[in-house]
Structure formats: C-alpha cells, structure tokens
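Asks: Below is one structure. I have some questions about it.
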Amino acid sequence: MRLGVLDVGSNTVHLLVVDAHHGAAPLPAHSHKTDMRLAEHIVEGERISAKGVDTLVSFVGAEETWLFVEAGTLNLVERDGAGARIVLKGGESYSRAAGAAKGSVSPRPSPAQSQRVPRSFRDTLPHRAAAFKDRKVEPKALPPPSVADLADWLAAEPTLRKEFPRRFTARAQDAAFRTELIRQFGDHPEWVPVLYPERVKKP
C-alpha cells in the first residue's frame, strides 16, 4: 500500500511517501521538503494566513498529472469537465498540466518526466537487454594471477593459506611466478613440497 505522510512543522514542510505492508517496516519511496516558516504566517494567534495556506497548498498540489503504463492496459476517465475516456497501452504515457482542458498521450515518457521518477523506480534493464539481444559476446580469459595479486592471501594465517599450494601448483611452474614466490614466501613451510620437492622425505 502506498501512503503519504505530510509533516507541517514550524520551519519546514515534509512530504514522505512510503510503501507500507502489514507486519513490516515502511519503505521510503519518495521524500520532498521545503522551507515554509509556519510561525511567520500565524495571524490572530491561531489561524494561518491566506498566504501561508497558498504556500502549503502549492507544496502538496500537483502541477501535472502524469501516468505511465508499464505493462497491460489502463482505462482512464479524465475529470474536471474533460470527461474523455482514454485507453493507455503498455509503454504509453499520459500527462495533463494543472488547469489544462485535457491531457495528452505519448508513446513513452519524456526525458524530463523520467528524471523526476525516484531512482528506486527506474528500470533500464529492458532497454539494455534489447541492445545486446542479438549480439554474440565471446568470453575473454583473464590473465593468470601474479604473486602480487595473491600476496594478501598467501600471507594470511596458516589455517587459511595451507590449501593454496595445492591450488597454485601449476602456476608455480611459471619461472617469473616461481621466482617471486620464492623471494616472498619461500620460507613458508606449506610451499616446501612445491618449491623444494627434494627436501621432502619420501616414505
């Protein structure tokens, strides 16, 4: 359920829109705040002046009615005298400025409208998927790791590093890798069977 909370304070007005579900904490969807300085609009001790009311109404009032149909269809009946019945299809956008006699339908939202949508509602994956739909991408092999790439792991506590010689035995056959391995970790006992097999006593 989408809920809106309007907090009119002495200095600011805060409109918070949340997605609320029974038994769960509300999730903020949109937040908008502006300075109002309510105390400056109090007249006769308790009433808000006409200017203060106009400021508050303009904050929460809609400058534009905008609808976007992500999928399916939407049957729309315009109000305030327009009375038109409109069927919006998936992907189409409807907008009507405040005071306009009627709204307009476009095949997709304008860039300005899309920018006003909270980031959590934006979904560009379908557009990205379409761009790569028929493109064949060949996987590229990553270069083998160097001793510098593995240094933090090779220098970890003995319990963690004892399995690395088995995983990188083949890599240790590379001359440059082996030379750097001996320089940095040649004194680690777990590497002795790989680097100095002649030192290992056979049963």
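The values are calculated or read from the model by the stated rules, or taken from the named source; none is laboratory data. From a predicted model like this one, the values you see are computed outputs, not experimental measurements. Virtual Cβ from ideal backbone geometry, glycine too; neighbours counted across all protein chains shown.
Asks: State all residues of region 10-29 that are outside any strand (DSSP E or B) and either under 25 Å from Leu56 (Cβ atoms) or among the hydrophobic types (A, V, I, L, M, F, W, C) (or both); if no residue qualifies, say none.
Replies: Result: Ser10, Asn11, Ala20, Ala24, Ala25, Pro26.
Asks: Between residues in region 5-25 that are free of Cβ contacts under 8 Å to residues at least 12 places away in the same chain and residues that are assigned to a strand (DSSP E or B) and of a type outside the set (D, E, K, R), which pairs lie under 8 Å by C-beta distance while being six or more apart or on different chains?
Replies: Asp7/Val13; Asp7/His14; Asp7/Leu15; Asp7/Leu16
Asks: Is it true that some residue in region 157-165 is modelled with pLDDT under 90 and within 30 Å of Glu70 (Cβ to Cβ)?
Replies: Checked against the condition, which is being modelled with pLDDT under 90 and within 30 Å of Glu70 (Cβ to Cβ), region 157-165 yields no hits at all.
Asks: Can you name every residue in region 158-203 that is touching a helix residue (DSSP H, G or I) at 6+ places or on another chain (Cβ under 8 Å) and charged (D, E, K, R)?
Replies: Arg161, Lys162, Arg171, Arg178, Glu180, Glu190, Arg199, listed by residue number.
Here is a yes/no grid of residues against (1) closer than 30 Å to Lys89 by Cβ; (2) over 27 Å from the mean Cα position of the chain (by Cα); (3) modelled with pLDDT under 75:
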| position | (1), (2), (3) |
| --- | --- |
| Pro28 | no, no, no |
| Thr34 | no, no, no |
| Arg37 | no, yes, no |
| Val43 | no, yes, no |
| Val53 | no, yes, yes |
| Ser58 | no, yes, yes |
| Gly61 | yes, yes, yes |
| Leu74 | yes, yes, no |
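Asks: Picking from Ser104, Ser120, Ser110, which residue would you name as being at pLDDT below 75, of a type in the set (S, T, N, Q), more than 30 Å from Gln184 (Cα to Cα) and not assigned by TED's automatic domain parsing to the domain that holds Arg167?
Replies: Ser120
Asks: Identify, please: which residue in region 156-181 is of a type in the set (A, V, I, L, M, F, W, C) and within 18 Å of Pro144 (Cα to Cα) and is, among those, farthest from the chain's Cα centre (by Cα)?
Replies: Filtering first and then ranking leaves Ala175.
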